[in-house]
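All remarks here apply to the structure that follows.
The values are calculated or read from the model by the stated rules, or taken from the named source; none is laboratory data. These figures come from a predicted structure and were not determined experimentally. Reconstructed Cβ throughout: ideal geometry from the backbone, glycine too, with neighbour counts over all protein chains shown.
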Amino acid sequence: MLGLKLPTDPRWVNIVEKNIEEILTDHAYCEQKATSTAISLIVSFPEYTELVQEMTKLVKEEISHFKMVHDKIIERGWILGRDRKDDYVLQLVTFFPKGGSRTTQLVHRLLYAALIEARSCERFKLLSEELEDPELAKFYKDLMVSEANHYTMFLSFARQYGERNEVDKKWEELLVYEAEIMKSLGNKETIHG
């Protein structure tokens, strides 16, 4: 369903389990960045009314996910650590050339967002199936469904606003590029790395 070309090695969960505090902190910031992405799309492309409406809903959902993750951190007696750079996203967003028409820029941003959500969904599924902590496993299973919905929404908008064949070609190329990025990741207790 997700179309990812390289699945996460299940041993990544072993790395995560050694430092649950770190993965929760990283996850909290991923939710915060997802909120910021939705706000940025509203600010950058206000003329796309349907997109603005959906991004407004997404802002509420993503910030509620941030709170849920933050609450998990507090429940465990921890505090939210500092944000750290996301090597995955930093590499991913270099794929498409800068510039182009507003529509092209929008489509590229939507494809990036779709892929980030798809990878998050895949990672959440793995956590839901492999974590030994049953509470966290259920938590990630519930969030996995949201991520899948976000992935399909972003991809659908890209196809709606761009020319379908061109968007599908770009999506396929981006998936191949993302698989190359993933070959060097999966060795840290971060959602994407």
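Output the number of the condition that Ala118 fails; it satisfies all remaining conditions of (1) in contact with a helix residue (DSSP H, G or I) (Cβ under 7 Å, 6 or more places away or on another chain); (2) farther than 25 Å from Ser64 by Cα.
Result: Ala118 fails condition (2) only.
Here is a yes/no grid of residues against (1) within 21 Å of Ile42 (Cβ to Cβ); (2) within 13 Å of the chain's Cα centre (by Cα); (3) charged (D, E, K, R); (4) surrounded by 13 or more Cβ atoms within 10 Å (Cβ to Cβ):
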residue	(1), (2), (3), (4)
Ile79	no, no, no, no
Val89	yes, yes, no, yes
Phe95	no, no, no, yes
Arg102	yes, no, yes, no
Ala114	yes, yes, no, yes
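Kindly indicate whether Val69 is touching a residue at least 24 places away in the same chain (Cβ under 8 Å) and in a helix (DSSP H, G or I). Break it down into steps so the answer makes sense when it comes.
Working: touching a residue at least 24 places away in the same chain (Cβ under 8 Å): yes; in a helix (DSSP H, G or I): yes.
Yes; evaluated as a whole, the condition is true for this residue.
Look through Glu75, Glu54, Glu31 and report the one residue that is within 19 Å of the chain's Cα centre (by Cα), farther than 21 Å from Gln105 by Cβ and at pLDDT 95 or above.
Glu31 is the lone residue from the list that is within 19 Å of the chain's Cα centre (by Cα), farther than 21 Å from Gln105 by Cβ and at pLDDT 95 or above.
Let me confirm something: among Glu47, Glu61, which residue is of a type in the set (Asp, Glu), surrounded by 12 or more Cβ atoms within 10 Å (Cβ to Cβ) and modelled with pLDDT of 95 or more? Steps first, please.
On the way: Glu47 fails: surrounded by 12 or more Cβ atoms within 10 Å (Cβ to Cβ).
After applying the criteria, what remains is Glu61.
On the basis of being in contact with a Lys or Arg (Cβ under 9 Å, 6 or more places away or on another chain), surrounded by fewer than 19 Cβ atoms within 10 Å (Cβ to Cβ) and closer than 22 Å to Ala28 by Cβ, does Glu135 make the cut?
Working: in contact with a Lys or Arg (Cβ under 9 Å, 6 or more places away or on another chain): yes; surrounded by fewer than 19 Cβ atoms within 10 Å (Cβ to Cβ): yes; closer than 22 Å to Ala28 by Cβ: yes.
In short, yes.
Every residue in the range 57-72 that is among the acidic types (Asp, Glu) and within 19 Å of the chain's Cα centre (by Cα), please. Step through it out loud before you land on a result.
Residues of the range 57-72 that are among the acidic types (Asp, Glu), as a first pass: 61-62, 71.
Once the filter is applied, which keeps residues that are among the acidic types (Asp, Glu) and within 19 Å of the chain's Cα centre (by Cα), the range 57-72 yields Glu61, Glu62.
Is there any pair with a first residue in the range 135-153 that is small (Gly, Ala, Ser) and a second that is modelled with pLDDT of 90 or more whose Cβ atoms are under 6 Å apart and which are 6 or more apart or on different chains, and what are they?
Cβ pairs passing all conditions: Ala137/Ser128; Ala137/Leu131; Ala148/Cys121.
Quick one: in the range 144-176, of everything that is over 18 Å from Tyr48 (Cα atoms) and touching a Leu at 6+ places or on another chain (Cβ under 9 Å), which residue is surrounded by the most Cβ atoms within 10 Å (Cβ to Cβ)?
Tyr151
Is it the case that the range 25-36 has a residue that's surrounded by fewer than 19 Cβ atoms within 10 Å (Cβ to Cβ), touching a residue at least 12 places away in the same chain (Cβ under 8 Å) and acidic (Asp, Glu)?
No, there is no match, as no residue in the range 25-36 is surrounded by fewer than 19 Cβ atoms within 10 Å (Cβ to Cβ), touching a residue at least 12 places away in the same chain (Cβ under 8 Å) and acidic (Asp, Glu).
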